[in-house]
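Have a look at the structure below before the remarks.
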Amino acid sequence: MSHTAEIIAVGTELLLGNIANTNAQAISQSLSSLGVNVFWHTVVGDNPERLREALDIARRRADIIITTGGLGPTYDDLTKQTISAAFGKKLVFHPDILEDIRRYYASALHVPMPESNAQQAEFPEDCEIFDNPVGTAPGCAFESGGVHVLMLPGPPHEMTTMLRRHVEPYLRRLSQEVILSHDIMTFGMGESSVEALLRDQMEKMTNPTLATYAKPSEVRLRATAKAATQAAAEAMLAPVVAEVKALLGPIVYGMDVSGLPEACLNMLKEKKLTFATAESCTGGQIAERITALPGASQVYRGGVVSYWTSVKNAVLGVPQEILDQHGAVSEETARAMADGARRITGADIAVSVTGAAGPDPDERGTPVGIVYIGLSTPEGTHCRSLNLGKRRRDRIQNLATNHAYDVIRRYLSNLPIN
């Protein structure tokens, strides 16, 4: 049976634009992998009447309603009360849940629990309670008239923890089919070009299916199969994945990874290699992306953010004659920066980036979007030259960072750097 979901985010701060609705994005991605159709996102302020209206609309068009927010202890946290009333459910107090909340305050927050938190231990009758190990607001789920209602907390780290621990298993129980997806990650070709190569196959497919999703400077292809067992779904996906990899060749950099940094991290670990960075126009983004991943300390030695020419010379050892003759934004400087980072950190390889990110050309008149990626290795030093065009500054920085990781993964894969 196919299920249709609506996500209702509760919070006036979302309507005012004070915070972004990242919860809806995370839930939609999760439901997509489970084969649940998400057709509507709704945002409602902390107002019981408007939430009741949104619920009345949602229950007529979706059989799964997921709410986020409004489960806290304050006077305007009325999600549970409003939903319970809308579905004719009584609220039942759970002393054991209240003790769990008290223990969380004592062990994690080291303060006594305010008595106002007692309302967080009330739940709709006959519901399944979702514990919250990283916060004070448990969630819950119940079914009424063929509609499944799931209530999750608003803070993103609490919501995502509950999503993985409770929501996904709950929704899997609603279907006897196993739905399995694999994400094939690519870099170096636009979404329209990728789709053009695969259009014939995609149009003929019903189960498995294949869809493209554009990310900044990347394209993700999601292959999804429905079957009676996971093994059967895997068997259905294997030829699809193999065909996509064969058609797209070296632009495929990994499967089921979060991005190029994770793919590089895995390859560096496998080869027992370390790397370092020397960054100018990216301002430390290459270092930031790798150090955000668990296990980065096994492969990343360190880096230098060298915005000033004098730092390129004094710290990284870029010869002054190179800087004088070719300028800070040049292939020669990129190569010397990479060599310097590798030398001073003792890393096996080092990557560098220098370029004109804008909004204006550099002091030598180098046009915005000109970027050089250097790579220093035991076999020699390489450089990728880019003309990213007159884009926004942050877009150029993001593209340059991804190109730096693409250079690393191509070297580790024995592919041409350019």
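For the reader, a short list of remarks on this structure follows.
- Put simply, when 360-369, 102-111 are sorted by average Cβ atoms within 10 angstrom per residue, most first, you get 360-369, 102-111.
- About the centre of its Cα atoms, the chain shows a dipole size close to 840 debye [charges on the beta carbon of Lys, Arg (+1) and Asp, Glu (-1) only; nearest 20 debye].
- Computed accessible area, PHE93, all protein chains, 1.4 angstrom probe, square angstrom: 100
- The relative contact order of the range 135-284 comes to 22 percent, based on Cα pairs under 8 Å that sit 6 or more residues apart.
- In straight-distance terms, cross-link reach from LYS245 covers every one of the lysines whose alpha-carbon lies under 22 Å from its own, apart from those fewer than eight places away in the same chain; here that gives LYS204, LYS215, LYS226.
- Look at the dipole of the range 58-145 built from charges on Cβ: of LEU71, HIS94, PRO138, the Cα furthest out on the positive end belongs to LEU71.
- Degrees separating the helix 260-271 axis from the principal Cα axis of the chain, which is the longest one: 70
- Two-site label geometry, GLN325 and TYR75: point separation in nm, points 7 Å out along Cα→Cβ: 7.5
- Degrees, to the nearest 10: 48-61 long Cα axis against longest axis of the chain: 80
- Ranked by how many other beta carbons lie within 10 Å on average, peptides 137-147, 340-350 from highest: 340-350, 137-147
- Here the dipole of the range 1-70 is about 160 debye; that uses its Cα centre as origin and unit charges on the Cβ of Lys and Arg (positive) and Asp and Glu (negative).
- Spin-label proximity, VAL257 to the range 323-359 - amide N less than 19 Å from point 7 Å beyond Cα toward beta carbon: 348-352
- Surface share of carbon and sulfur [accessible, 1.4 angstrom probe, percent] for the chain: 52
- Rg/Rh for the range 210-323 (Cα atoms only, Rh after Kirkwood) is 1.13.
- Per-peptide average of other Cβ atoms within 10 Å, ordering 384-394, 48-58 highest first: 48-58, 384-394
- The smallest convex shape that holds all Cα atoms of the range 124-189, its convex hull, gives 149 Å³ per residue.
- Per principal axis, descending, Cα span of the range 286-418 in whole Å: 40, 31, 27
- At a Cβ-Cβ separation cutoff of 4.7 angstrom, cysteine residues of the chain with no neighbouring cysteine are CYS264, CYS281, CYS383.
- Fraction of beta bridges assigned by DSSP in the chain that are antiparallel (%, nearest 5): 60
- Kirkwood Rh and Cα Rg combined as Rg/Rh, the range 354-418: 1.03
- Euclidean distance of C-alpha centroids, the range 103-167 and the range 173-238, integer Å: 34
- In this simple spin-label model, placing a label point 7 Å from the Cα along the Cα-to-Cβ direction at both SER192 and MET205 gives a separation of 2.2 nm.
- Chymotrypsin sites (Phe, Trp or Tyr not before Pro) lying in DSSP loop within the range 175-263, provided at most 10 other Cβ fall within 10 Å: none
- What separates the Cα centres of the range 279-314 and the range 327-368 is a distance of 12 Å.
- Against the chain, whose longest principal axis is taken from its Cα atoms, helix 230-248 shows a tilt of about 30°.
- When the square roots of the Cα gyration tensor eigenvalues are ordered a ≥ b ≥ c, the ratio a/c for the range 1-149 is 1.5 or more and a/b exceeds b/c, which makes its shape prolate.
- Kirkwood-based shape ratio for the chain, expressed as Rg/Rh from alpha carbons: 1.06
- Measuring between their Cα centroids, the range 385-418 and the range 1-65 lie 37 Å from each other.
- Short-range pairs are left out: with C-alpha atoms under 8 Å and at least six residues apart, the relative contact order of the range 133-205 is 17 percent.
- Computed over the range 1-94: relative contact order in percent, which uses C-alpha pairs under 8 Å that are six or more apart: 36
The values are calculated or read from the model by the stated rules, or taken from the named source; none is laboratory data. Note that this is a predicted model, so its numbers are computed, not measured. Quick reminder, even Gly has a Cβ in these numbers, built from the backbone with ideal geometry, and neighbours come from all protein chains shown. The area values use the complete protein model at the heavy-atom level, side chains included, leaving out ligands, DNA and RNA. Shrake-Rupley method; radii C 1.70, N 1.55, O 1.52, S 1.80 Å.
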